[in-house]
Amino acid sequence: MSVYQRPVKLFWWLEKRSYVIFVLRELSSVFIAWFVVFLLLLVNAIGDGAASYQTFVDWSGQWWVVAINVIAFLFVLLHTVTWFALAPRAMVIKMRGTRVPAQGVVAAHYLAWFVLSAVVAWVVLR
Amino acid sequence: MNHRRSPEPFLWMLFSSGGMVAALMVPILLFLFGIAIPLDLWSPAPAHLLAVLRNPITRLVLFGLCVLALFHWAHRFRYTLYDGLQLKRYAGPIVVLCYGGAVVGSVIAAALLATV
């Protein structure tokens, strides 16, 4: 028995704004993988001494590397915002027997994000 | 298909934890090391960065971040290729590419962070 499969166009997701945002959100994972590669190159450079670190900073200051990282940063922000927006649907948190409202769960995520970012910035730049 | 032995729930757990740590930690790290420091907005001393990196807590946090972020990528990118580019007929090679890439990246991260 063969089952009819409706053909799907390759770029079906260009037909609607919400589909485009969905695909952009999915593509954010590519930039997260890029970040891991960049981070490991940085770790390697720091471990090899001051001269090697300076070479890495000079390399990452070229216009095209900065451009990739700015684009990656925007995609990662899209990931963060969409991830936090979905969090209340993925988790049910109860306090004193009643469910914490969705805005409360989202606000807690933003608070954790700001606190952690401040801690990381302090550790790196102090 | 035996659903109890499916690896999907485990892979989804890794995807989900990776999504959370990436959402919390990647923006600040990418802003500092990918944008601010290359543009000379700040210039932390290399010796300070090395000292931070050699702290066992930093190593552990960065290792966890790398592994979970890579498995987050693997899972999400797999479905991006399936649905976004209609490549589900190549599911076998895609699975090997995605999760295999995450495993290789995790081993490299472990080796680098252990010896730095």
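The values are calculated or read from the model by the stated rules, or taken from the named source; none is laboratory data. This one's a predicted model, so the numbers in the text were calculated from it and none came from an experiment. When we count neighbours, we look across all protein chains shown, and the Cβ atoms used for this are built from the backbone with ideal geometry, even at glycine.
Given the conditions (1) under 17 Å from A:PHE38 (Cα atoms); (2) more than 7 Å from every other protein chain (Cβ to nearest Cβ), and given that B:LEU70 satisfies all but one, which numbered condition is not satisfied?
(2)
Taking B:PHE63 as the residue in question, decide whether it is more than 7 Å from chain A (Cβ to nearest Cβ) and not acidic (Asp, Glu).
Spelling it out, B:PHE63 is indeed more than 7 Å from chain A (Cβ to nearest Cβ) and not acidic (Asp, Glu).
With the requirement that a residue be polar (S, T, N, Q) and over 17 Å from B:GLU8 (Cα atoms), what does the stretch B:55-88 give you?
Once the filter is applied, which keeps residues that are polar (S, T, N, Q) and over 17 Å from B:GLU8 (Cα atoms), the stretch B:55-88 yields B:ASN55, B:THR58, B:GLN86.
For residues that are exposed (fewer than 14 other Cβ atoms within 10 Å of the Cβ) and without any contact (Cβ under 8 Å) to a residue 24 or more places away in the chain, scanning just the stretch B:104-116, find the one that is nearest to the other protein chains (Cβ to nearest Cβ).
So the residue we want is B:THR115.
Of everything in the stretch A:31-43 that's within 8 Å of another protein chain (Cβ to nearest Cβ) and either touching a residue at least 12 places away in the same chain (Cβ under 8 Å) or acidic (Asp, Glu) (or both), which residue is farthest from B:GLY105 (Cα to Cα)?
Going through the qualifying residues, I end up with A:LEU42.
Identify all residues within the stretch A:55-72 that are free of Cβ contacts under 8 Å to residues at least 40 places away in the same chain, assigned to a helix (DSSP H, G or I) and either buried (at least 19 other Cβ atoms within 10 Å of the Cβ) or within 24 Å of the chain's Cα centre (by Cα) (or both); write none if there are none.
A:PHE56, A:VAL57, A:TRP59, A:SER60, A:TRP63, A:TRP64, A:VAL65, A:VAL66, A:ALA67, A:ILE68, A:ASN69, A:VAL70
Give the stretch B:51-103 a look and list any residue that's of a type in the set (Lys, Arg), more than 20 Å from A:LEU10 (Cβ to Cβ) and more than 15 Å from the chain's Cα centre (by Cα), or say none. Explain how you work it out, then say what you get.
Pass one, the stretch B:51-103, residues of a type in the set (Lys, Arg): B:54, B:59, B:76, B:78, B:88-89.
Adding the requirement that they be more than 20 Å from A:LEU10 (Cβ to Cβ) leaves B:54, B:59.
Passing the criteria: only B:ARG54.
Determine, yes or no, whether A:LEU40 is farther than 20 Å from A:SER117 by Cβ and touching a Leu at 6+ places or on another chain (Cβ under 9 Å).
Criteria met by A:LEU40.
Can you work out which of the residues in the stretch A:92-126 that are surrounded by 11 or more Cβ atoms within 10 Å (Cβ to Cβ) and not in a helix (DSSP H, G or I) is nearest to the other protein chains (Cβ to nearest Cβ)?
So the residue we want is A:ILE93.
Somewhere in the stretch A:7-28, is a residue under 29 Å from B:LEU60 (Cβ atoms) and either touching a Phe, Trp or Tyr at 6+ places or on another chain (Cβ under 8 Å) or not basic (Lys, Arg) (or both)?
The answer is yes; a qualifying residue exists.
Which of the following residues is within 14 Å of the chain's Cα centre (by Cα), more than 9 Å from chain B (Cβ to nearest Cβ) and not charged (D, E, K, R): A:LEU24, A:LEU14, A:LEU77?
Numbers: A:LEU14 fails: within 14 Å of the chain's Cα centre (by Cα); A:LEU77 fails: more than 9 Å from chain B (Cβ to nearest Cβ).
Result: A:LEU24 is the single residue among A:LEU24, A:LEU14, A:LEU77 that is within 14 Å of the chain's Cα centre (by Cα), more than 9 Å from chain B (Cβ to nearest Cβ) and not charged (D, E, K, R).
Report yes if A:SER52 is outside the structural domain of A:SER117 (by TED's automatic domain parsing), free of Cβ contacts under 8 Å to residues at least 24 places away in the same chain and under 30 Å from B:PRO46 (Cα atoms), otherwise no.
Answer is yes for this residue.
Could you list, in sequence order, the residues of the stretch A:87-126 that are at positive phi and among the basic types (Lys, Arg)?
Residue satisfying the conditions is A:ARG96 alone.
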